Amino acid sequence: MHNEIKNALEALKQGGIILYPTDTVWGIGCDATNAEAVSKIYKLKQRIETKAMICLVADDRMLKKYVKKVPEVAQDIFEVAENPVTIIYDDAQNLASNLIASDNTIAIRIPDDEFCYQLSRKLNGAIVSTSANKSGASTPKSFKEIPQDILKGVDYVVNLHHDKKMAKPSSIIKLGNNGIVKVIRQ
């Protein structure tokens with residue numbers, strides 16, 4: 001795993017995009033502060049730039065770099081969730097502007113996955129995580145289901161878990177600073 005983290009980190013630092021296994025599905029990622037790299041992902045996925053993407057961070061401390069105020073209920077959700085949960089937060093900051101939704105929100109997950117944790121920690125920042133498919137196509141459930149144009153369109157493919165069947169995408173919950181909680185995807 002050490003070499004894969006090193007190689008993926010090098011690609012991210014050079015503004016590249018990677019294909020990598022997450023705690024849920026195979027993801028396409030980049031440094032979440034690099035607007036040019038974020039644009040490459042939108043182009044590869046043929047996705048309109050107004051449709052937001054998820055970021056992964058290593059831990060609570062890192063989360064606070066990208067969200068002005070983390071609602072207290074977020075910690076409660078992390079503690080009781082049995083499956084991966086992505087939370088949409090108000091008042092995003094310190095991220096590529098083309099990654100932040102038009103209402104100034106950002107979707108962030110703290111993955112329960114050693115590779116993702118180490119990669120984010122060594123980058124010392126958030127990593128974009130969007131499913132490895134074209135916009136509108138179904139999410140691949142395994143590495144072998146990833147379309148060739150996606151495989152060829154990234155700068156680095158992480159050589160881990162190619163034989164592992166991936167879980168389903170995370171649940172998504174929107175936590176407004178106004179106290180409103182809304183389930184977007186279960």
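The values are calculated or read from the model by the stated rules, or taken from the named source; none is laboratory data. Just so you know, these numbers come straight off a predicted model, no measurement behind them. Counting neighbours? That spans all protein chains shown, and the Cβs are built from the backbone with ideal geometry, glycine included.
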Filter region 106-123 down to the residues that are touching a strand residue (DSSP E or B) at 6+ places or on another chain (Cβ under 9 Å), in a loop (DSSP other than H, G, I, E, B) and of a type in the set (D, E, K, R) and list them by number.
Asp113
Pairs, please: C-beta under 6 Å, at least 6 apart or cross-chain, first residue in contact (Cβ under 8 Å) with a residue 12 or more places away in the chain and in region 131-144, second β-branched (Val, Ile, Thr)?
Ser131/Val25; Ser131/Thr139; Ala132/Ile28; Ala132/Ile146; Ala132/Ile150; Asn133/Thr139; Thr139/Val25; Pro140/Ile146
Residues that are modelled with pLDDT of 95 or more and buried (at least 19 other Cβ atoms within 10 Å of the Cβ): find the helices (runs of 4 or more DSSP H) completely inside region 1-105 holding 1 or more of those.
2-13, 35-45, 60-66
Here the residues within region 132-144 that are outside any loop (DSSP other than H, G, I, E, B) and surrounded by fewer than 15 Cβ atoms within 10 Å (Cβ to Cβ) are Lys144
(1) at pLDDT 90 or above; (2) more than 28 Å from Phe78 (Cβ to Cβ): which one isn't true of His162, the others all being true?
(1)
Please identify the pairs in which a residue from region 96-119 that is without any contact (Cβ under 8 Å) to a residue 24 or more places away in the chain has its Cβ atom under 6 Å from the Cβ atom of a residue that is of a type in the set (A, V, I, L, M, F, W, C) and buried (at least 19 other Cβ atoms within 10 Å of the Cβ), counting only partners at least 6 apart or on another chain.
Asn104/Ala92
Which one is surrounded by the fewest Cβ atoms within 10 Å (Cβ to Cβ), of the residues in region 150-177 that are without any contact (Cβ under 8 Å) to a residue 60 or more places away in the chain and over 26 Å from Glu82 (Cβ atoms)?
Lys152
How many residues of region 110-119 are more than 14 Å from Glu4 (Cβ to Cβ) and either at pLDDT 95 or above or buried (at least 20 other Cβ atoms within 10 Å of the Cβ) (or both)? The answer is 2
Pairs only if they're at least six apart or on different chains, beta carbon under 8 angstrom, first in region 77-94 and farther than 14 Å from Arg109 by Cα, second surrounded by 14 or more Cβ atoms within 10 Å (Cβ to Cβ) and of a type in the set (Lys, Arg); list them, first residue then second.
Gln93/Lys65; Asn94/Lys65
